[in-house]
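So the structure is just underneath, and the comments pick up after that.
Read the figures in this text as sums done on the coordinates, not as results from a lab. These figures come from a predicted structure and were not determined experimentally. Ideal geometry is used to build each Cβ from the backbone, glycine not excepted, and the neighbour counts take in all protein chains shown.
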Amino acid sequence: MKDIAFKAKKQHPLEWLLEPLEDHPGYLRRKMFGSEAAYLNGKLTLAITDGDEPWNGLLIVTSREHHPSLMASWKQLKSHPVLGKWLYISQNNPAFEKVATAVVECVRRGDERIGVEPKPKKRKRVAKK
């Protein structure tokens, strides 16, 4: 009989950040471009990334109108250099754990500054014969 090896699901190193959201009835988690995205009540709110900079930390999904307010709350947040419409804090920032935990708590409490409605997916057109 052949031994069947099961591949253990690799946990994301920043998974602990999303754990406080898991018991929320509107919580959904999805993979997104090599990151893990958190949705609450249909809104995309956060993404955790663990790669090379600038993809190594927490992305806060928001609109540009909320940047000044959120950056005033947490001076360590910066506009993401690639996705400028979102804010970012790197794991390399000394205040990462403190700031990231506070941001997640704001999401849990329903802070209106964080989260955007995802755009509906475009349907693929089928060529007619």
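The base-10 log of I(q)/I(0) for the chain, evaluated at q = 0.10, 0.13, 0.17, 0.20 Å⁻¹, reads -0.36, -0.56, -0.86, -1.16 [Debye formula, identical scatterers on Cα atoms, solvent excluded]. Could you tell me the calculated FRET efficiency between GLU22 and SER63, based on Cβ-Cβ distance and R0 = 30 angstrom, to the nearest 0.05? About 0.70, to the nearest 0.05. Any of LYS75/LYS119; LYS31/LYS78; LYS98/LYS119; LYS31/LYS85; LYS78/LYS98 with alpha carbons more than 25 Å apart? Name them for me. In this structure, LYS75/LYS119; LYS98/LYS119 exceed 25 Å between Cα atoms.
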